[in-house]
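Have a look at the structure below before the remarks.
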Amino acid sequence: EQAAAFAERIALIEELERADAVLIGAPMYNFAIPSTLKAWLDNVILVGRTAGETVSAKGTPVTVVASRGGSYAPGTPREGFEYVQNYLQAVLADTLGLDLHFIVPELTMAPHNPAMAELIPLYEASRERAFGEAASRAKQLAERLAA
């Protein structure tokens with residue numbers, strides 16, 4: 001059973017190593033990343049192959065869409081609760097050596113939570129900014145991969 005599980009882990013690692021680009025959806029759940037994303041990371045981080053002195057997927061472009069119902073941006077009351085970007089920066093860029101880019105739509109609960117009604121304009125601005133960043137990133141990646 002352990003050999004079969006390790007073979008599945010190697011398949012995930014090889015998929016990452018072959019990728020031209022990676023797109024990750026990372027909504028904030030209870031101040032952290034989804035457990036499925038954590039499980040994937042636990043499988044693809046392998047010291048001596050994807051992490052350590054040499055990293056086999058180094059430089060692969062990865063775009064993370066890190067949505068959240070509130071705002072955890074610098075200067076906000078919940079700034080200290082921002083664990084998604086900080087964690088993914090450490091793992092994806094610093095450990096795996098990936099070329100990391102974040103797109104962060106915030107305040108996604110504003111249209112659905114009456115207590116956040118006054119934040120709807122900020123949500124809409126964040127949403128539009130995220131769409132613009134996504135279009136720009138897609139163009140950059142297309143040009144990079146076509147070269």
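For the list (1) in contact (Cβ under 8 Å) with a residue 12 or more places away in the chain; (2) farther than 28 Å from Ala146 by Cβ; (3) surrounded by fewer than 18 Cβ atoms within 10 Å (Cβ to Cβ), I need the number of the one condition that Ile33 fails.
Here Ile33 meets the rest and fails (3).
Which residue is nearest to Phe102 (Cα to Cα), if the candidates are limited to the stretch 130-145 and must be modelled with pLDDT of 95 or more and surrounded by fewer than 11 Cβ atoms within 10 Å (Cβ to Cβ)?
Ala135
Determine if the stretch 76-85 includes at least one residue that is modelled with pLDDT of 95 or more and open to solvent by 30 Å² or more (accessible area, probe 1.4 Å).
Yes: one or more hits.
How many residues, within the stretch 45-75, are β-branched (Val, Ile, Thr) and open to solvent by 40 Å² or more (accessible area, probe 1.4 Å)?
4
The values are calculated or read from the model by the stated rules, or taken from the named source; none is laboratory data. These numbers come from a predicted model, not from an experiment. Positions of Cβ are generated from backbone atoms using ideal geometry, with glycine treated the same way; all protein chains shown enter the neighbour counts. The protein model used for the area step is the full one, side chains on, heavy atoms only, and it has no ligands, DNA or RNA in it. Shrake-Rupley method; radii C 1.70, N 1.55, O 1.52, S 1.80 Å.
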